[in-house]
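The values are calculated or read from the model by the stated rules, or taken from the named source; none is laboratory data. Computed from a prediction, not measured in an experiment: that's the story for all the values here. Here the Cβ positions follow ideal geometry from the backbone for every residue, glycine too, while neighbour counts run over all protein chains shown. These area figures cover heavy atoms from the full protein model, side chains too; ligands, DNA and RNA do not enter into them. Shrake-Rupley method; radii C 1.70, N 1.55, O 1.52, S 1.80 Å.
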Amino acid sequence: MSLDQQRSEQIAAVLTESLPYITRFIGKTIVVKYGGNAMVDDELKHNFARDIVLMKLVGMNPIVVHGGGPQIGEMLERLNIESKFIDGMRVTDTDTMDVVSMVLGGLVNKEIVALINQHGGLAVGLTGKDGKLINASKLDVKQHSPELLSSEIIDIGHVGKVESINVDLLDSLQDIGIIPVIAPIGIGADGTTFNINADLVAGKVAALMGAEKLMLLTNVAGVKDKQGQVLTGLNSESVDKLIADGTITGGMLPKLACACDAVQQGVATAHIIDGTVPHAVLLEIFTDSGVGTLITDRT
């Protein structure tokens, strides 16, 4: 069946619009943090895998860092283990850490790898324990206490922060055409396992790998103002103001923190985009308008 003229013109326009971006990003590393509802909808999961494969086929070097909050929450509920969050971070005791390791390092990671491979890519799944990929240390959270009129240190268990990334391992995988798929589980100097926020891992990987882009997939259209309008063209200064006036709270805090840190450390742009939009990754990379919220280090 031949294409009608209107459909042919639409396809030609899409290809023409994408060509400059393909040329610009050949050989560039693009780190994509994959999470939220995009990981539990079958059609979106296949779309994401195809997007990552296409990026690799046109000469880009995608690295996937994934979360798994919905899957972890579901498993904890089945095991009657209570979930608790502080400033967007999951409080992780020993039992919870066992579940996180099982779900992230096993079920979720291997499903993403299988989908990418199914659609023509060559992916390998890793946790921070593999090849000393993510060296971590314990993260303590400061929380404001009105009663004490000061901040107090909160122990949130096996929650870690990134100390270093084995970039040589990731470079080696990229050199032989492999797409790394990383579960955000780190290892301490004493062998302790840490649950690390996937956004923070993605930001650190992007910075240390000299990535061109950091893309954080979420369940909303982007960073919104108090009227619900999506904001874009943000920088560290404007983000600080939005946090101070209460516009940004909860789970968006670590996303913006890692985005701002990444662009300050040399990543050209960071993007917070709606992973529930089909092919959101391709729309952000290959179109003039893009989607979601753009963060740069420019004032």
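Cα centroids of the range 218-235 and the range 236-299: 9 Å apart. T276 sits with roughly 50 Å² accessible to a 1.4 Å probe, with DNA, RNA and ligands left out of the calculation.
Roughly how compact is the range 216-299, stated as its Cα Rg over 2.2 N^0.38 Å to two decimals? Could the numbers behind the result be given before it?
Numbers: Rg = 12.1 Å, N = 84, 2.2 N^0.38 = 11.8 Å.
Taking the Cα Rg and dividing by 2.2 N^0.38 Å, one obtains 1.02.
If you bin all the Cα-Cα distances of the range 42-107 at 10 Å, starting from zero, the percentages per bin are 17, 39, 25, 17, 2.
If each DSSP helix of 4+ residues adds -39,500 (n - 2.57) and the sum is divided by the residues in the chain, what number results at 222 nm, nearest 500 deg cm²/dmol? Each step should come with its number before you reach the end.
On the way: 10 runs with 115 residues, N = 299.
Helix contribution divided over all residues of the chain: -12000 deg cm²/dmol.
Would the range 150-262 count as rounded, prolate or oblate if I go by the C-alpha gyration tensor, calling it rounded below 1.5 in a/c and otherwise prolate when a/b exceeds b/c, oblate otherwise? Cα axes put the range 150-262 in the oblate bin.
In the neighborhood of L242, defined by Cβ-to-Cβ distances under 11 Å, what is the net charge if each Lys or Arg adds +1 and each Asp or Glu adds -1? Provide the component values of the computation, followed by the final result.
Working: positive: K224, K226, K241; negative: D225, E237, D240, D245.
Summing Lys and Arg as +1 and Asp and Glu as -1 gives -1.
At 1.4 Å probe radius, can you tell me the per residue accessible area of the chain in Å²?
Values: 14100 Å² over 299 residues.
Heavy-atom accessible area per residue stands at 47 Å².
What does the charge count around Q264 come to, taking other residues whose C-beta lies under 13 Å from its C-beta (Lys +1, Arg +1, Asp -1, Glu -1)? Don't skip to the end; give the middle numbers.
Details: positive: K204, R298; negative: E237, D240, D261, D297.
Net of charged neighbours comes to -2.
Find out how many positive minus negative residues lie around I196, taking Lys and Arg as positive, Asp and Glu as negative, among other residues whose Cβ is under 11 Å from that of I196. Intermediate values should be presented prior to the final figure.
Details: positive: R90, K138, K161, K204; negative: E163, D199.
Every neighbour counted, the sum reads +2.
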